[in-house]
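Reviewing the structure listed below.
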Amino acid sequence: GSTITVGKNGIALYAKDSSVTLAGSTINLLGDNALGLYLDGTTSFTGTGNINIDGKGIVVFNVAGSGTFNENFTVNSTEESQYILQNIKEKILYYNSTVNLGGGGTFVSGVNSAVLLGEDSILNSENSNLVGIALTGGYVNGLPVNINGEILEHEATNKGKINFRDNSVGIYVINGAS
């Protein structure tokens with residue numbers, strides 16, 4: 001696999017209307033406000049490997065487009081790091097896999113979005129200071145919302161498992177999200 005390293009205010013990869021596959025890759029985000037992958041337009045993404053984080057205000061995946069998104073990365077972070085794994089706006093996210101997170105992270109942060117963690121999903125960490133789902137505002141297209149064939153009455157739905165340590169939150173919703 002490949003290795004991509006960026007520092008403070010850096011962007012590892014920007015893709016628009018593309019198809020991106022990173023197999024067995026290592027992404028090093030080593031500085032405040034680093035951005036891993038910005039996926040725009042119809043970009044489809046598939047990736048596996050490791051993500052190493054050292055800094056604050058880091059976003060690993062900014063998913064802005066309408067393409068497909070499949071990732072299976074292990075996230076390692078230093079003790080004082082703060083990061084968002086997936087940042088979405090006005091999107092639907094269905095996740096039904098396992099992720100191992102380092103401390104100080106948020107699995108998904110969304111604005112006017114809807115998220116379903118499926119029955120086989122596991123958000124796991126041996127660390128503290130984590131958030132599973134953080135949503136602000138009601139889903140842009142209103143409720144109910146159809147995610148993966150399920151009609152849901154809430155923006156945030158967990159049917160899987162969230163296993164975090166101290167000072168962590170499974171689901172956090174504000175400003176009209178439920």
Unique residue being touching a residue at least 24 places away in the same chain (Cβ under 8 Å), more than 17 Å from the chain's Cα centre (by Cα) and on the phi > 0 side of the Ramachandran plot when the list is Gly176, Gly149, Gly142 = Gly176
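Okay, residues lined up against (1) touching a Leu at 6+ places or on another chain (Cβ under 8 Å); (2) not aliphatic (A, V, I, L, M):
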{"site": "Asn148", "(1), (2)": "yes, yes"}
{"site": "Glu155", "(1), (2)": "yes, yes"}
{"site": "Val173", "(1), (2)": "yes, no"}
{"site": "Gly176", "(1), (2)": "no, yes"}
Of those in the stretch 130-167 that are β-branched (Val, Ile, Thr) and open to solvent by 60 Å² or more (accessible area, probe 1.4 Å), the residue farthest from Ile92 (Cα to Cα) is Ile151
Restricted to the stretch 89-104, and to residues that are over 24 Å from Ser66 (Cα atoms) and not aliphatic (A, V, I, L, M), which residue is most open to solvent (accessible area, probe 1.4 Å)?
-> Asn100
Out of Phe61, Phe107, Phe73, Phe69, report the one residue that is under 14 Å from the mean Cα position of the chain (by Cα), aromatic (Phe, Trp, Tyr) and open to solvent by 20 Å² or more (accessible area, probe 1.4 Å).
-> Phe69
If only one of Ser81, Ser97 is more than 13 Å from the chain's Cα centre (by Cα) and within 19 Å of Phe164 (Cβ to Cβ), which one is it?
-> Ser81
Sole miss for Asp40 among (1) touching a Gly at 6+ places or on another chain (Cβ under 7 Å); (2) open to solvent by 40 Å² or more (accessible area, probe 1.4 Å) is condition (2)
Return only the number of the condition from (1) open to solvent by 20 Å² or more (accessible area, probe 1.4 Å); (2) touching a Lys or Arg at 6+ places or on another chain (Cβ under 9 Å) that Leu116 does not satisfy.
-> (1)
So Asn50 fits all but one of (1) closer than 22 Å to Ile88 by Cβ; (2) open to solvent by 20 Å² or more (accessible area, probe 1.4 Å); (3) under 16 Å from the mean Cα position of the chain (by Cα); what number is the exception?
-> (1)
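The values are calculated or read from the model by the stated rules, or taken from the named source; none is laboratory data. For clarity, every value in this text was computed on a predicted model and none was experimentally measured. For neighbour counting, all protein chains shown are included, and Cβ atoms are generated from backbone atoms with ideal geometry for every residue, glycine included. Just so you know, the surface numbers come from the protein's heavy atoms only, side chains and all, with ligands and any DNA or RNA stripped out. Shrake-Rupley method; radii C 1.70, N 1.55, O 1.52, S 1.80 Å.
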